[in-house]
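Comments concern the structure below.
The values are calculated or read from the model by the stated rules, or taken from the named source; none is laboratory data. Since this is a predicted model, take the numbers as computed values, not measurements. As a convention, Cβ positions derive from the backbone with ideal geometry for all residues, glycine included, and neighbour counts pool all protein chains shown. Side chains included, ligands, DNA and RNA excluded: accessible areas come from the protein's heavy atoms. Shrake-Rupley method; radii C 1.70, N 1.55, O 1.52, S 1.80 Å.
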Amino acid sequence: MFVLIKRIFITGWHGITRDGGMITANIFIMTMAIFMISSLFFFRDLSAFLVANIQERADVSVYFKNDAIEEDILKVKREVGSIPEVKEVNYISSEEAFERFIERHSSNPVLMESLAEVGTNPFLASLGVKAFEADQYAGVVGFLENFQFNYLIEKIDYYERKPVIERIYGLTAAFSRVGVIVSVILILVAVMITFNAVRISIYNSREEIKIQRLVGASNLFIKGPFLVQGAISGFFSALICFLFFALLAWGLDTRAEFLFPGFGLLSFFIANLWMILSIQILSGIGLGVVSSFIAVKKYLKV
Amino acid sequence: MITFQNVSKVYHPNIIALENASFQIVPKEFVCLVGKSGAGKTTLLKLLLAEEKPSQGQVFFNEQNIGNIKMDHLPVLRRQIGAVFQDYKLLNFKTVYENIAYAMEVIGASDAEIKRDMPEILDVVGLSHKTSSFPIELSGGEKQRVAIARALIHRPKVILADEPTGNLDPYHTLDIIRLLLKINEFGTTIILSTHNREVINSLGKRVITLQEGKIIRDEKQGRFIL
Ligand SMILES: Nc1ncnc2c1ncn2[C@@H]1O[C@H](COP(=O)(O)OP(=O)(O)OP(=O)(O)O)[C@@H](O)[C@H]1O
Ligand SMILES: [Mg+2]
């Protein structure tokens, strides 16, 4: 049995290397399909990662005027906390903000020096507001802007994050919609092209197949190489696709960093290396084998 | 071992390739098939390989009715038969070595066995220096010798040789016929179809003569008479 499997692989490999031509177009379209499929997975994970990351940080910060007294601020805190969309509210006094700053930047002499130059505590007291969902922030901010204690508020720091969140949501939604459609189309095209390549390969080999039968070759021995042919082109497409992915991750690393601060495309790619590689190889081999199988089933009558 | 019972093969209502043929071949026999071109020799051999089905009558190989053989028994039947086809039927994408080895791969021989048997057969057919050539790079006679080697290497019980020397020079023809005789002595049944008068007459074996699809003569120690 092992010998048979080995021979089926060798024959399939020869079918590719000695028949050439067709395989190039085949690999090209398969690469595109695999690229789309794995991009879908990649982006799903990527957007989950980004959104989780930003949702964690995406709170509305309400800074209070210097002369606002703590009692009023706490009153505001209770009011805001009673809005149903609000998950939690944290009060950070100006002293706390000052300490946190020192804690975080004590190793940075330039910052420390300029802070010392100011002399007083330059930080404002603030409330950090977290909502349950990112799209509820607009409502929360709207509420704060038309608030009875409006006069206490120096500024509401939300608009800086809002575009980022919206960008991610927009991109993710658009990408998964378009991505699914494009993937389905590409998968169909890839299956059709691979199917056709194998069909033509069967057609070109019809004399050979007849001869193989005449000298007593078993079904498996005749059909197997065609499946192997599909699997091999799928495998190579997957490898090409993976290289392409790696190049993209490396090339777009800085751009992604600019678009989504705090996000490293390359490190994300490296962290998910095995998952991406296995998705690509599995979908490549799967595509190849399934399409060859259909072609063999349909055109290689025994 | 091989029995034809009133076998007819009609390709087309007015092309009767074989008509009411009956004969028997016992194990270890050496049988020559002669007849003019179009007499039905190849057709007869095709019926034995189950490449064609008889239109009438029955063909038996070791008690098995080949006329209605099941598809999955076909490989088993064919592995017992080594066929040299008139048109060679080599695998064009395989080298000489791979073509010959194929007959052994098909019966599930190991690579070691193939390596062991290959040099001898290559030597016999005189192709030791062409092992990595592809069929299109070979002359007609060389292709024929590859076909012969492929039919012999797995030591089948029966060899069907359809014009195996048609493209060979007298020197190689003699070699191949001697080889077939030797294999026959070791116990392999041989059915040889040929136009070669000298070969038939020098062999002094059984000769079945076909004419327009009918068996007109079947002699124990026949001669080439058309
Ligand atoms: N597939 C086919 N379809 C229709 N007619 C066929 C087919 N094969 C053979 N024939 C016809 O059957 C007859 C016998 O052919 P066959 O090939 O058996 O002759 P042969 O004795 O082998 O001839 P040769 O010595 O030229 O090889 C011929 O008239 C041929 O035209
Ligand atoms: Mg013939």
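Details
- Whole-Å semi-axes of the ellipsoid equivalent to region A:69-126 (Cα gyration tensor, √5λ, descending): 30, 13, 6
- Using only alpha carbons, region B:29-70 has a radius of gyration to Kirkwood radius ratio (Rg to Rh) of 1.00.
- Alpha-carbon Rg/Rh ratio, for chain A, with Rh computed the Kirkwood way: 1.26
- Our summary gives chain B a relative contact order of 28 percent, counting only alpha carbon pairs under 8 angstrom and 6 or more residues apart.
- Check: region B:1-142 dipole with +1 on Lys, Arg Cβ and -1 on Asp, Glu Cβ, in debye: 400
- Of the chymotrypsin sites (Phe, Trp or Tyr not before Pro) found in region B:163-226, those that fall in a DSSP loop while having at most 13 other beta-carbon atoms within 10 Å are B:186.
- Taking max minus min of the alpha-carbon positions on each principal axis, region A:112-250 gives extents of 96, 39, 19 Å, largest first.
- Its Cα centre serving as origin, the protein assembly as shown has a Cβ charge dipole (Lys and Arg +1, Asp and Glu -1) of approximately 4100 debye.
- Space enclosed by the convex hull of the alpha-carbon atoms of the protein assembly as shown, per residue, Å³: 208
- Assigned charges on the beta-carbon of Lys, Arg, Asp, Glu; region A:1-133 dipole about Cα centre (debye): 1340
- Over region B:161-226 - Rg/Rh using Cα atoms and the Kirkwood inverse-distance radius: 0.96
- Cα-Cα over 30 Å, subset of B:53/B:89; A:298/B:41; A:297/B:115: A:298/B:41; A:297/B:115
- Local net charge near residue B:80, Cβ-Cβ under 14 Å (Lys/Arg +1, Asp/Glu -1): +3
- With the Kirkwood sum run over all distinct C-alpha pairs, region B:94-156 has a hydrodynamic radius of 11.4 Å.
- Calculated FRET efficiency for the pair residue A:210/residue B:22, C-beta based, R₀ 45 Å, to 0.05: 0.95
- For region B:96-199: Kirkwood Rh in Å [reciprocal of mean 1/r, alpha carbons]: 14.0
- Sum of side-chain charges, residue A:7 neighbourhood, beta-carbon under 11 Å (Lys, Arg +1; Asp, Glu -1): -2
- Of the trypsin sites (Lys or Arg not before Pro) found in region B:119-226, the ones in coil according to DSSP and having at most 11 other Cβ atoms within 10 Å of their Cβ are B:220.
- Partner aspartates and glutamates whose Cα lies under 20 Å from the Cα of residue A:75, excluding those fewer than 8 positions away in the same chain, are identified as A:59, A:67, A:85, A:88, A:95, A:96, A:145, A:154, A:157.
- Between residue B:58 and residue A:138, the simple label model (points 7 Å from Cα in the Cβ direction) yields a spacing of 8.7 nm.
- Computed helical MRE - 222 nm, the protein assembly as shown, DSSP H runs ≥ 4 contributing -39500 (n - 2.57), nearest 500: -18500 deg cm²/dmol
- Quarter of Cα convex hull surface for region B:145-189, i.e. mean projection, nm²: 2.9
- Chain A: relative contact order in percent, alpha carbon pairs under 8 Å with at least 6 residues between: 31
- For residue B:71, the solvent-accessible surface with a 1.4 Å probe is about 110 Å², rounded to the nearest 10.
- Taking every alpha-carbon pair under 8 Å whose residues sit at least 6 apart, region A:81-176 reaches a relative contact order of 33 percent.
- According to the calculation over all Cα-Cα pairs in chain B, the P(r) per 10 Å bin from zero is 8, 33, 37, 19, 3, 0 %.
- Exposed loop positions in chain A were taken to be GluC sites (Glu not before Pro) whose DSSP state is not H, G, I, E or B and which have at most 16 other beta-carbon atoms within 10 angstrom. Between these positions, the longest stretch is A:161-302.
- Taking Cβ atoms as reference points and 15 Å as the exclusive limit, the residues near residue A:267 contribute a net charge of -2, counting Lys and Arg as +1 and Asp and Glu as -1.
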